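Where a number appears in this text, it was derived from the coordinates with a stated rule and is not lab data. Since this is a predicted model, take the numbers as computed values, not measurements. Note that we place each Cβ from the backbone using ideal geometry, even for glycine, and neighbour counts take in every protein chain shown.
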Amino acid sequence: MIKLLKLNPFVLFLILTIPWFISYFFELDDWIIWISVRIFSLVILLLWFLLLDQELMKRIPVKIQLSNTLFLVNIFLIFLSYSVLYIIGDAGKTYTVTGLAALPFLYYFYAFFQVFNHLSKLLTYVEEEKEVPLGKRIGEIVLFFFFFIGVFFLQPRIIEALEKPEVVRLKYQKFNNNK
């Protein structure tokens, strides 16, 4: 899995963009094939984010306590919302949502921001080996947001961060009551 994260930026760009390119610029006659290509392209991107999260979490210094639970929940909700949208929605139809029904859509935008924020946090924490405030991570968040361009700037830094050794964390401490 780590080999996938250490790919050349141009190769990674091709892997991530070819399915999107096919679904946007080639006229697919069958609606099911179009949905399948779109969901497949989303799965590739989200899997890359998940793999990046798992590998960078292993390299965070012990003094930094960071949870990825909200990240994992948001990745699942993004996948679920895209899947539901593509399955239920009709091709070329627009939808207007107002009132309380707009709240899930607002959370969807928050979820994307949180995913990019979490990944930028992981990358900067591993690079600098200390907690970095949000103001110094805005550039990374923007690069993750525009990932298809940002991959050329982020991938060399990610490869360098993945070269660092994994941090061993003790999950259990043995107590000896027999003294």
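Numerical summary
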| read-out | value |
| --- | --- |
| Every residue from the stretch 1-13 that is surrounded by 13 or more Cβ atoms within 10 Å (Cβ to Cβ) and either of a type in the set (S, T, Y) or part of a helix (DSSP H, G or I) (or both) | L4, L5, P9, L12, F13 |
| Which numbered condition K164 misses (of (1) surrounded by fewer than 21 Cβ atoms within 10 Å (Cβ to Cβ); (2) assigned to a helix (DSSP H, G or I)) | (2) |
| Qualifying position, being within 21 Å of the chain's Cα centre (by Cα), farther than 21 Å from L5 by Cβ and among the charged types (D, E, K, R), among E140, E163, E127, E131 | E131 |
| Pair list, Cβ < 7 Å and 6+ apart or interchain, from the stretch 73-101 residues that are over 29 Å from L51 (Cβ atoms) to residues that are surrounded by 10 or more Cβ atoms within 10 Å (Cβ to Cβ) | A91/W31; V97/F105 |
| Considering residues of the stretch 70-97 that are among the aromatic types (F, W, Y) and in a helix (DSSP H, G or I) only, the residue surrounded by the most Cβ atoms within 10 Å (Cβ to Cβ) | F71 |
